[in-house]
Every structure is written in structure tokens, then in C-alpha cells.
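First up is the structure itself, then whatever we jot down about it.
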Amino acid sequence: MSSGKAKRQAGKAKQDLGKRVGDEDLEAEGREEKIAGAAREAGEAVRETIDGFREGLKGADGAGR
């Protein structure tokens, strides 16, 4: 599991707990963690895409010559 996904899931759990017990601060903290996790997941996806692109370029260097 990616660190972004884990952070997003932990934030969702904290947000839900805050809702259930009526703790608005805990709910807001969970919401912030969930957003931070989603942003980290997006960054991880971009990094994976760039790495894949680089690998593709390495393979294309000798192709067709």
C-alpha cells in the first residue's frame, strides 16, 4: 500500500470517528489528513508515470538503428 493511500485511509477513519463522537476538531484533522494523503497519492502516480516514461526512452535509444 502506498504511503499516500495509507494516510488518506487513516484520515478518513479519523474524520468518521470525529463525526461519530461529535468532535469537530478531530473531524477537521481527519479531513486534512485525507486531503494530504490524496495529494501524496497523486504525486506518487506522477512519479511512477515519469519513471515509466524514462524507462521507455532508455529502451528507444537503440531501437531502429
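The values are calculated or read from the model by the stated rules, or taken from the named source; none is laboratory data. Predicted model only: the values in this text are computed from it and were never measured. Positions of Cβ are backbone-derived with ideal geometry, glycine not excepted, and every protein chain shown enters the neighbour counts. These area figures cover heavy atoms from the full protein model, side chains too; ligands, DNA and RNA do not enter into them. Shrake-Rupley method; radii C 1.70, N 1.55, O 1.52, S 1.80 Å.
Can you tell me which residue among 54, 8, 47 is open to solvent by 60 Å² or more (accessible area, probe 1.4 Å), in a helix (DSSP H, G or I), touching a helix residue (DSSP H, G or I) at 6+ places or on another chain (Cβ under 6 Å) and basic (Lys, Arg)?
Going through 54, 8, 47 in turn, the sole match is 8.
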### Query
Just for the stretch 11-32: of the residues that are touching a residue at least 12 places away in the same chain (Cβ under 8 Å) and among the basic types (Lys, Arg), which one is least open to solvent (accessible area, probe 1.4 Å)?
14
